[in-house]
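S.K.: Before I ask anything, let me first share the structure, which is written out below as structure tokens.
The values are calculated or read from the model by the stated rules, or taken from the named source; none is laboratory data. What you see is a predicted model, and the numbers here were worked out from it, not measured in a lab. Here Cβ is always computed from backbone atoms with ideal geometry, including for glycine, and neighbour counts include all displayed protein chains. Side chains included, ligands, DNA and RNA excluded: accessible areas come from the protein's heavy atoms. Shrake-Rupley method; radii C 1.70, N 1.55, O 1.52, S 1.80 Å.
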Amino acid sequence: MYQINQNYTVNLSNKNPPRLALTLGDPAGIGPEVILKALADQNISNNCHLTVVGSRDLLLGVYEQINSTHLANPEHLQVLDVPLNSETANNIIIGTGNAASGAASFAYMEQAIACTLSGEFDAIVTAPIAKSAWQLAGHNYPGQTELLAEKSAVDRFGMLFVARSPHTGWTLRTLLATTHIPLCQVADTLTPQLLTSKLNLLVECLAQDFGIENGRIAIAGLNPHSGEQGQLGSEEQDWLIPWLEQERINRPHFQLDGPIPPDTMWVNPGQAWYGNSSAHNPADAYLALYHDQGLIPVKLMAFDRAVNTSIGLPFVRTSPDHGTAFDIAGHGIADATSMKAAIELATELVSQRVYKTQTGVLSPRPKHWENVNKNL
């Protein structure tokens, strides 16, 4: 998970610890359970102030149903209780996503966004929602990221997945160029303008949130073998390679590698993640061109600890990299590791931004970073 950079977080936390809103997500899923499990770990709140945004009665119901010492007692938590009408509240069924659970999770998100934009919170950590339940409730958004962007009035945003290896301490960062669209639409959606926008976001994020101003970014090809010089697809030859050559000229302080064949791009980060001695010089970030191209390797390596962070917003937003898991909701067996990582990363990113605002400079990389990369 995420070790907070002690060079700056401890000093700031004594004065103004980051204020995080934790939304329950779909209340019929595992969101309430993983939040209660995460908050049972007292170390999680050492460097931040946490407020759960959701339904206190529902939290109490989950707490009583699971009846485990590994859950925080909702009576002892700071909860911003979001009112639900009686019909919605009465139709929430643990383990079954429906229009009621979709309406509730949407209401939690709206409340958290409004409070954050008004300055009450510094970041939002979102438990998973079911997009189908939002649709049933009449909310036609591809996901939480798009709602966050709309409410924040931004049109430049992206989904960055971050995970720190428990084996080596190396941090994997993967940005998706396209997100929740059908695979048949990917080639037509990708353009030089879109990739420039995503690359801009990634470069800005690496500097603002991770203190990396002169780094290395690996960029995937679209087709097998990156098109095999046009034999397996023409996108690389037609525009992706010329675009990348121009970006190298525009960004002399960054090393841009690619387009790397998608089937081999993840070998080096996999070695860095697991500590294979043959790995060397992993990239600071990876730009995948579509959803599964980026998330299959991320989830293979880091399913229980990857964090989705929305970049381009006026505030920090993180989320566990897993779904609602309706099939195990209420059984007490959900893993809270990714939720803990999402809280810790949100705390770290807010602290990084505060440090930069107060000092005008980027904070140093965590002390373990140099040693980690020497060993890869």
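S.K.: Take residue 121 and tell me if it is open to solvent by 40 Å² or more (accessible area, probe 1.4 Å) and in contact with a strand residue (DSSP E or B) (Cβ under 7 Å, 6 or more places away or on another chain).
M.R.: The answer is no for residue 121.
S.K.: Follow-up question, since we're still on this one. Report yes if some residue within segment 303-313 is more than 30 Å from residue 112 (Cβ to Cβ) and either touching a residue at least 60 places away in the same chain (Cβ under 8 Å) or in contact with a Gly (Cβ under 8 Å, 6 or more places away or on another chain) (or both); otherwise report no.
M.R.: No, the conditions are met nowhere in segment 303-313.
S.K.: Okay, moving on. Could you go through segment 210-218 and let me know if any residue there is part of a helix (DSSP H, G or I) and either at pLDDT 95 or above or among the polar types (S, T, N, Q) (or both).
M.R.: no
S.K.: When you scan segment 150-165, do you find a residue that is open to solvent by less than 30 Å² (accessible area, probe 1.4 Å) and more than 17 Å from residue 345 (Cα to Cα), even just one?
M.R.: yes
S.K.: Further, regarding this structure: Among the listed residues 155, 188, which satisfies the condition of being acidic (Asp, Glu) and not in a loop (DSSP other than H, G, I, E, B)?
M.R.: Checking each option against the conditions leaves just 188.
S.K.: Same structure again: Kindly list the number of the only condition in (1) hydrophobic (A, V, I, L, M, F, W, C); (2) touching a strand residue (DSSP E or B) at 6+ places or on another chain (Cβ under 7 Å); (3) within 20 Å of residue 30 (Cβ to Cβ) that fails for residue 134.
M.R.: Single failed check for residue 134: (2).
S.K.: Oh, and also: Select, from 8, 2, the only residue that is of a type outside the set (A, V, I, L, M, F, W, C), more than 21 Å from residue 144 (Cβ to Cβ), modelled with pLDDT under 95 and touching a helix residue (DSSP H, G or I) at 6+ places or on another chain (Cβ under 7 Å).
M.R.: Residue meeting the stated conditions: 8.
S.K.: If you don't mind, another one. So, of the residues in segment 353-376 that are in a helix (DSSP H, G or I) and either of a type in the set (Lys, Arg) or in contact with a strand residue (DSSP E or B) (Cβ under 9 Å, 6 or more places away or on another chain) (or both), which turns out to be modelled with the highest pLDDT?
M.R.: Restricting to residues being in a helix (DSSP H, G or I) and either of a type in the set (Lys, Arg) or in contact with a strand residue (DSSP E or B) (Cβ under 9 Å, 6 or more places away or on another chain) (or both), the top hit is 353.
S.K.: For segment 206-259, enumerate the residues that are aromatic (Phe, Trp, Tyr) and open to solvent by 30 Å² or more (accessible area, probe 1.4 Å).
M.R.: 239
S.K.: Still on this structure, please answer the following. Of the residues in segment 57-95, how many are open to solvent by less than 70 Å² (accessible area, probe 1.4 Å), farther than 15 Å from residue 33 by Cβ and in contact (Cβ under 8 Å) with a residue 24 or more places away in the chain?
M.R.: Result for segment 57-95: 5.
S.K.: Okay, moving on. In segment 312-334, is there at least one residue being over 25 Å from residue 127 (Cα atoms), of a type outside the set (Asp, Glu) and under 21 Å from the mean Cα position of the chain (by Cα)?
M.R.: No, every residue in segment 312-334 fails to be over 25 Å from residue 127 (Cα atoms), of a type outside the set (Asp, Glu) and under 21 Å from the mean Cα position of the chain (by Cα).
S.K.: Any residue in segment 264-289 that's within 20 Å of residue 304 (Cβ to Cβ) and modelled with pLDDT of 95 or more: show its pairings with residues that are of a type in the set (Phe, Trp, Tyr) and not in a helix (DSSP H, G or I) at Cβ separation under 6 Å, as long as the two are six or more apart or on different chains.
M.R.: none
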